[in-house]
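Remarks on the structure that follows.
The values are calculated or read from the model by the stated rules, or taken from the named source; none is laboratory data. Keep in mind that this is a model prediction, so the values were computed, not measured. Because the Cβ atoms are built from the backbone with ideal geometry, glycine has one as well, and the counts that use them run over all protein chains shown. When the accessible area is computed, the model is the full protein with side chains, heavy atoms only, and any ligands, DNA or RNA have been set aside. Shrake-Rupley method; radii C 1.70, N 1.55, O 1.52, S 1.80 Å.
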Amino acid sequence: METDIDGGAVTLVAELAGIAVFAASGASAAVGKRLDLFGVVVIGALCALGGGALRDVLIDAKPLALTDWRYPLVAVVASLVVFRFHPALSRIRPTMLVLDAAGLALFTVIGTLKGLDYGFAVYAACIVGVLSGIGGGILRDMLVQEIPAVLKEDFYAMAAVVGSIIVAVGARWESQIGHWTLMLTAIATIFVVRLVAIRYRWEAPKPNF
Amino acid sequence: METDIDGGAVTLVAELAGIAVFAASGASAAVGKRLDLFGVVVIGALCALGGGALRDVLIDAKPLALTDWRYPLVAVVASLVVFRFHPALSRIRPTMLVLDAAGLALFTVIGTLKGLDYGFAVYAACIVGVLSGIGGGILRDMLVQEIPAVLKEDFYAMAAVVGSIIVAVGARWESQIGHWTLMLTAIATIFVVRLVAIRYRWEAPKPNF
Amino acid sequence: METDIDGGAVTLVAELAGIAVFAASGASAAVGKRLDLFGVVVIGALCALGGGALRDVLIDAKPLALTDWRYPLVAVVASLVVFRFHPALSRIRPTMLVLDAAGLALFTVIGTLKGLDYGFAVYAACIVGVLSGIGGGILRDMLVQEIPAVLKEDFYAMAAVVGSIIVAVGARWESQIGHWTLMLTAIATIFVVRLVAIRYRWEAPKPNF
């Protein structure tokens, strides 16, 4: 049975929370490179909004950040908070990792659904979904001149791939499964896989030399 | 009173001048990295045309560089001039800084107006306007493997933000203010803020450690 | 006389071969940086599909990689093969260079034709054609934090420029020349120029200091 929660409002709040977390992650990287106020805000905003913008450009949707002012506003405010209070924030790094896992889960699932909505095939929706989840972090790392962490460090992207497959394949049976059950299953899967991977230091296989 | 200058021709000449300056800035960076002829031309052209291309892709306009051959032609010629005569150019660096400030002012204002023309809200037009002004330089720095100067050095982007807000907000009263008065005010503001910032070495605030 | 080969099938096979080669080139770069499995696949796929995606975003076409599953599939498989068998592959580096020249030739010519098909002028079709050919390699190098090889090393991009001009200008007389004659001439020109440039270590001119 579907509940009668206001789904739009829930999604919006969740998405804005994800944006705040991703902006904080970008702003922290920029602070670490001693960039100035503007650099911190730009990298924070790009990290939060860039994955979605890449997705929207690829599927030919209007970039969300240009059509709803709340998205860039939250990104800018979160970046400013990091700029001002970053020493305090470094003490809550474990909390940040959990929030970042939540952001990854959310953005990937929402991005995958948007790909399906725009009429793309299952595999293509997975590509744009994963890109929504990891794209912002890749842009962040490219701007501060690091090899993107997601490409070398750990089980980050794999979690997104698994979740996007769940939601894209499951969408065929959405009427039986229920929209929220499907979304929550996929989100929870990414979130849990990511946290377990952090906890047990899973790593994706490395090439043999 | 609006004058009866041929506004289109004025804008075109100004824009082509801006493109030449930005191309020279990109080509100089490429020469500094000892890239070959093709590298110098590509980075010059990307620096001159990349900000506008990013804007056009985001607002779903046809990229100007692909619809008017004068834009890429000027970018390529300016890059070739730098390739051939760069030792002489390094002696006119102060002149280049002034021209670059003019290019920033012009591209930001024109980009903001284009955003409004395509029906985006004030804040969104400011985002694409600032991106038009600073995007090319960011691409240039990413290609030559530097952290984008605009993100760490000085009061460059702030000038663009101020000017784009003037033009985007002022556009509501455009009929009273007059199109050219508004544009010239915004362009002059960016240009003057930028030059004053260079002269007095203003810097955007840095994070505390 | 036009032959009655199934042109579509020939083009598809050739394109998929090009994608496999470019993916292998990206994956090899990623292996060289000791990235993990996911990093190798992502950089392989971006190198193979990124040039075409840039082109499609600029000309406002649907990205091919999102509309035909065979493209990303071949890119992923080729990347996985490199991940597993890279020591053996380094022994066939000369073969790889030849295949890469073939991929460059093919992608540039197909990209230029697609630009013309979408109604762009000759010069604009050349820009998007060259971008199709060299864009993937540029993305690859940006992600692994190298200055793009194509911008500094040798006669790579020049070959693409020459071939794209042949096909874009020749297209006006396509009915007299014949579609396949034109395409094969342009492809062969790029391929031969590139191989001769490798063999005789041609380099594009460097700036004087």
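In the range B:54-76, how many residues are facing chain C (nearest Cβ under 10 Å), free of Cβ contacts under 8 Å to residues at least 24 places away in the same chain and either aliphatic (A, V, I, L, M) or open to solvent by 10 Å² or more (accessible area, probe 1.4 Å) (or both)?
Within the range B:54-76, residues that are facing chain C (nearest Cβ under 10 Å), free of Cβ contacts under 8 Å to residues at least 24 places away in the same chain and either aliphatic (A, V, I, L, M) or open to solvent by 10 Å² or more (accessible area, probe 1.4 Å) (or both) number 8.
Assuming B:Arg194 fulfils every condition listed in (1) touching a helix residue (DSSP H, G or I) at 6+ places or on another chain (Cβ under 6 Å); (2) crowded, with 17+ Cβ neighbours inside 10 Å; (3) facing chain A (nearest Cβ under 10 Å) apart from one, which condition is it?
(3) is the only condition that B:Arg194 fails.
Check every one of the helices (runs of 4 or more DSSP H) wholly within the range B:95-177 and list those with 3 or more residues that are open to solvent by less than 40 Å² (accessible area, probe 1.4 Å) and under 30 Å from B:Asp36 (Cβ atoms). Lay out the reasoning, then the answer.
Numbers: elements: B:122-143, B:149-152, B:156-170, B:174-177.
Ranges flagged: B:122-143, B:149-152.
Residues to consider are B:Tyr156, B:Tyr200, B:Tyr123; find the one that is aromatic (Phe, Trp, Tyr) and over 28 Å from B:Ala61 (Cβ atoms).
When all the criteria are applied, what remains is B:Tyr200.
Just to check your reading of the model, which residue among C:Gly32, C:Gly52, C:Gly39 is of a type in the set (Gly, Ala, Ser) and touching a Ser or Thr at 6+ places or on another chain (Cβ under 6 Å)?
C:Gly52
So which of A:Gly39, A:Gly50 ends up being within 23 Å of C:Leu58 (Cα to Cα) and open to solvent by less than 40 Å² (accessible area, probe 1.4 Å)? It would help to see each step written out before you state the result.
Numbers: A:Gly39 fails: within 23 Å of C:Leu58 (Cα to Cα).
None of the others qualify; the one that does is A:Gly50.
Could you check C:Ile43 against (1) under 17 Å from the mean Cα position of the chain (by Cα); (2) more than 9 Å from every other protein chain (Cβ to nearest Cβ); (3) hydrophobic (A, V, I, L, M, F, W, C) and say which number it fails?
It is condition (2) that C:Ile43 fails.
Taking the residues in the range A:128-181 that are at the interface with chain C (Cβ under 10 Å from one of its Cβ atoms) and of a type outside the set (A, V, I, L, M, F, W, C) as candidates, determine which candidate is nearest to the chain's Cα centre (by Cα).
The qualifying residue nearest to the chain's Cα centre (by Cα) is A:Tyr156.
Checking the conditions here, which among C:Ser79, C:Ser25 is of a type in the set (S, T, N, Q) and either closer than 15 Å to C:Gly111 by Cβ or open to solvent by less than 20 Å² (accessible area, probe 1.4 Å) (or both)? Steps first, answer last, please.
On the way: C:Ser25 fails: either closer than 15 Å to C:Gly111 by Cβ or open to solvent by less than 20 Å² (accessible area, probe 1.4 Å) (or both).
Only one candidate qualifies: C:Ser79.
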